[in-house]
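Working notes, beginning with the structure itself.
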Amino acid sequence: MHYDAIIIGGGPSGLALASELSRTRRVLVVEKGVAGNTNRSWFVPLNVVDERIQPYTYGGVTRFLANTCSGAQTQWNARLFPRYPYINEKQLLPHWVATVRANGSEVLDRCEYHSHTVDAHGVSVDTARGPFRARLMIDCTGYDSRIAKQYGIRRAGYYWWSVFGAIGDHPDGLGGMQVGDYMLWQTFADTTAHADTSLRQGRPVFEYEILDERTSFSLILYLRPEVMAREAMEPVYRHIIREEAATAAFHGMQVKELKYGWYPSASVTQELARERVIFAGDAGCWTTPCGWGMSFILSNYRSFAAKLDQALQTDRLGRAELASIRHVRWRGRGEIVLNALMTHFLSNAPAPLLDRYINLFNESHPGHIDPIYCEKVYTLEITAAETRTVLQAMLKEFHLKELFCVLPLSDYALLVEEAAYFVSQSVIDEVRHLFHLGDDTPQGDKRKPGFDIA
């Protein structure tokens, strides 16, 4: 049977696109497992939840906390939005499956992709359940896409959030934690080899979200240029929730469901395409630089599906034509630069510098940064003027040598070029002198295509 589009992968991005594109096109989703099953959970900014998605959300994050083994602490009530709703993935993803089928399209479970060939008229896709034919193939198979590798698309230079955790039941209560709490940064002395050990070098961060009066989602994460294996993360997570004195509220927790995943972060380019093939979801690095994958999907899947529908309508399915399709609204320089800078800083900075960064969000700190800026940075809602405010506060707290010593050498020239738009020329001159970067002044507003210029 001939389809307009075959979507490889029945995860959140594949199903979201299929639910929308199937309104006007005949679509086939092929999934090697069961479409709609996922090992991930999400909360999202309130502004990406509309009337269609709202029935599949509940509660949400209302308070942010941080607590490090070396003494840094902060907390604040959600400022940018009254709450960050939790997604009920066990309802939303099956809803998308049902929508695709109700629209007259198909979702095939246990139908593994094997290979594909492209000719002037379409794409032939070979699967475990036989061959299929379409005008367009959409790769939504995830961060480790075989299809991307076949085309020579590499992830070198990317940062990755590696996550392992569990939904847990607390039969004896929450132990002082509150519904709506989000511990966004907690560390422990015995999981940190040395004070100078960075997240990139192997120091895990513990996080938790309190979903209701007796349910939590707790996890550990790593932010590194390499993906961490699940087998390496699981024993560290179990040690933290069972043995650390600071996690006493989790010692009696009953594990209900394991959660794990890998998210691309920073240094990503979004518009990935080949002849009659386009990449979406994690295969196309659909995420903000801090890893909010579901936020990206909910913000963009309808507009992206509409552009694919138009490409099918006009038969503009060549590599260059597909690559010109914007996956996301054009982000302001301030949103992207500061988010990339913060991501690299969090990955590479030693614990003492991270403590100083966390303490900046305490009102008692003389260089206090309003926590709303933290929320704006990581939801990509920050303006150029606000970017200037945050960068100025960072430059007051940290000497330039400290900041640049924690960043990869390859980042220096880019960050100096971008900083020229936000800080004084004297700062740029000092950085160029420190790192022998020359004295060329960036001209114009040109940038790499895609979501993140880093």
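The values are calculated or read from the model by the stated rules, or taken from the named source; none is laboratory data. This is a predicted model, so every value here is computed, not measured. No Cβ is skipped: glycine too gets one built from the backbone with ideal geometry, and neighbour counts run over all protein chains shown.
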Report task. Inspect segment 110-118 for any residue being in a loop (DSSP other than H, G, I, E, B) and under 22 Å from Gly284 (Cα atoms) and give the result as yes or no. Result -> yes
Query raised in the report: Residues of segment 121-145 being surrounded by 13 or more Cβ atoms within 10 Å (Cβ to Cβ), among the charged types (D, E, K, R) and within 20 Å of the chain's Cα centre (by Cα), which ones?
Result: Asp139
Query raised in the report: Among the residues of segment 126-141, is any of a type in the set (Asp, Glu), farther than 17 Å from Tyr263 by Cβ and not assigned by TED's automatic domain parsing to the domain that holds Ile6?
Result: no
Report task. Would you check if Asp196 is assigned to a helix (DSSP H, G or I), at pLDDT below 95 and not hydroxyl-bearing (Ser, Thr, Tyr)? Result -> no
Query raised in the report: From Trp96, Trp76, which residue is touching a residue at least 12 places away in the same chain (Cβ under 8 Å) and not assigned by TED's automatic domain parsing to the domain that holds Thr127?
Result: Trp76
Query raised in the report: Taking Glu381, is it acidic (Asp, Glu), closer than 22 Å to Pro45 by Cβ, at pLDDT below 90 and part of a helix (DSSP H, G or I)?
Result: no
Requested in this report: Please work out which one of (1) in a helix (DSSP H, G or I); (2) crowded, with 20+ Cβ neighbours inside 10 Å is the condition Val107 fails and give its number.
Outcome: (1)
Query - Given (1) closer than 24 Å to Glu257 by Cβ; (2) buried (at least 20 other Cβ atoms within 10 Å of the Cβ), index of the condition Glu89 fails - result: (2)
Requested in this report: Output the residue which, of all residues in segment 74-88 that are of a type outside the set (S, T, N, Q) and in a strand (DSSP E or B), is farthest from Phe43 (Cα to Cα).
Outcome: Trp76
Requested in this report: Quickly run through segment 176-188 and pick out the residues that are modelled with pLDDT of 95 or more and surrounded by 13 or more Cβ atoms within 10 Å (Cβ to Cβ).
Outcome: Met177, Val179, Gly180, Asp181, Tyr182, Met183
Query raised in the report: Can you find even one residue in segment 111-118 that is of a type in the set (A, V, I, L, M), modelled with pLDDT of 95 or more and in contact with a strand residue (DSSP E or B) (Cβ under 6 Å, 6 or more places away or on another chain)?
Result: no
